[in-house]
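Enquirer: Could you have a look at this structure, given as structure tokens, before my questions?
The values are calculated or read from the model by the stated rules, or taken from the named source; none is laboratory data. Fair warning: this is a prediction, and the values are worked out from it, not measured in the lab. Here the Cβ positions follow ideal geometry from the backbone for every residue, glycine too, while neighbour counts run over all protein chains shown. We work out accessible area using only protein heavy atoms, side chains counted, and drop any ligands, DNA or RNA first. Shrake-Rupley method; radii C 1.70, N 1.55, O 1.52, S 1.80 Å.
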Amino acid sequence: MHPIDIVAHDNFLCTLDWLLAVSKRQLDFLKFGLAHICYENPKLIGETYGAKNASQQLDDVSRSLREAFRKTDLVARNGSDFWILVPFSPDVEKINDKIKLISETATLAGLQIVERDISFFLLPLQDQNLNEDCTALELLEHLKKNHISLASRETRIPANI
């Protein structure tokens, strides 16, 4: 992963941890959105383009996402997963359209071989299966694992083989 992605990932987790802590105290006041873009088969990307080229393409998607969103919106990459933290309850349609456009643009760069799953979550999340004192990493793992039942909206961009 590119050094910029590592720093962005660490900043993202730190900010999300802070937001989770604050939202426990201000449950009705602090609302924010979280989008998850999951490239469904990262192994296929590596096998098709080679590890170095695939990593570069994912770095390019990460950079495109950072450039497309406001400075107050944080973008993090973890492998072939991308997370976008929006510090208010987002207009899901506008964010969805922006992410779809970026994702479709990534298709031109060669990532069209992989299906993309985009999930939108409104936080704080009310889920009895989630520990109240979970960390940002635990929350992201929980959301990724349970995205079908927890997302406020899902979009799937099919692979174009």
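Enquirer: Considering segment 44-77 alone, what residues qualify as being over 22 Å from LEU16 (Cα atoms) and of a type in the set (Lys, Arg)?
Expert: LYS52
Enquirer: Considering only segment 126-157, state which residues are outside any strand (DSSP E or B), touching a helix residue (DSSP H, G or I) at 6+ places or on another chain (Cβ under 7 Å) and crowded, with 17+ Cβ neighbours inside 10 Å.
Expert: Scanning segment 126-157 gives ALA136, LEU139, LEU143, LEU150.
Enquirer: Looking at segment 101-117, can you tell me whether even one residue there is hydrophobic (A, V, I, L, M, F, W, C) and either assigned to a strand (DSSP E or B) or modelled with pLDDT of 70 or more (or both)? Even if it seems obvious, please write down each step before you answer.
Expert: Restricting attention to segment 101-117, the residues satisfying the condition of being hydrophobic (A, V, I, L, M, F, W, C) are 101-102, 106, 108-109, 111, 113-114.
Going one step further and asking which of them are either assigned to a strand (DSSP E or B) or modelled with pLDDT of 70 or more (or both), we end up with none.
No, segment 101-117 contains no residue that is hydrophobic (A, V, I, L, M, F, W, C) and either assigned to a strand (DSSP E or B) or modelled with pLDDT of 70 or more (or both).
Enquirer: Hey, another quick one. Among the numbered criteria (1) open to solvent by 50 Å² or more (accessible area, probe 1.4 Å); (2) modelled with pLDDT under 75; (3) under 22 Å from PHE120 (Cα atoms), which one does LEU30 miss?
Expert: Of the numbered conditions (1) open to solvent by 50 Å² or more (accessible area, probe 1.4 Å); (2) modelled with pLDDT under 75; (3) under 22 Å from PHE120 (Cα atoms), the odd one out for LEU30 is (1).
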